[in-house]
Amino acid sequence: MDNYLQNHWNKIYDTKKPNEVSWTQDIPITSLNFIFGFNISKNAEIIDIGGGDSKLVDFLLENGFENITVLDISEKAIQRAKNRLGEKANKIKWIVTDINDFEPQQNYTVWHDRATFHFLTSPEQVSRYISIANKAVTNFLTIGTFSDSGPQKCSGLDIKQYTEELLQTELAYGFEKLKCVTEDHKTPFNTIQNFLFCSFKKQNQYL
């Protein structure tokens, strides 16, 4: 695991409240709409990559989903989510790791990522990520990234902006694009960040 990145994110989650970080959402409506739109069963396996203390898991639980995994590089972020959820946290599988060190022990019907992919700035990192996703995903993948109208940095780190065409090209090996939408995310401090969200279906020949 990249100790610099782990320390970076642990420090952020240790020192900043949810209303002091740009990615906080009270209701992750776009992510939920994509997941609900897949028409999956309530016992489908869902993984949230870079989930941190996102409230996505809260809403998935509220809607009856039973097999949810949250992966994040920051143990502090996951601990914060556990504290918020209380006893409900026991229903979730928690994984602390860098995504590019992730070795999935199971398959996932849905792979969701609103927080990680755009931090992968080298071709090697992107290739590794897609290779892991190809092995782990059986049905659907949805990714939210900063668009080409979005920020160029986040939390002091460089990011990679995406257009619909570029994201589709990156995921062409193994995944077929279903749809893309853009979203203006209003941060807790009233700035706007433009996101690109796309969903993909796993291509059968790679199952």
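Every number in this text was worked out from the coordinates using simple rules, so none of it is lab data. Everything numeric in this text was worked out from a predicted model, so none of it was measured.
Some points to look at:
- Percent of alpha-carbon pairs separated by more than 13 Å within the stretch 64-107: 57
- Linear extension gain, Glu87 paired with Asn7, 0.36 nm per residue minus alpha-carbon span: 26.1 nm
- Cross-link reach is defined here as a Cα-Cα straight distance under 15 Å, omitting same-chain residues fewer than 8 places apart; for Lys160 the aspartates and glutamates meeting it are Asp113, Glu124, Asp148, Glu170.
- Extension gain, Glu165 to Asn63, is 33.5 nm, computed as 0.36 nm per intervening residue step minus the present C-alpha separation.
- Entries of Lys42/Lys93; Lys76/Lys202; Lys55/Lys76; Lys179/Lys202 with Cα pairs more than 22 Å apart: Lys76/Lys202
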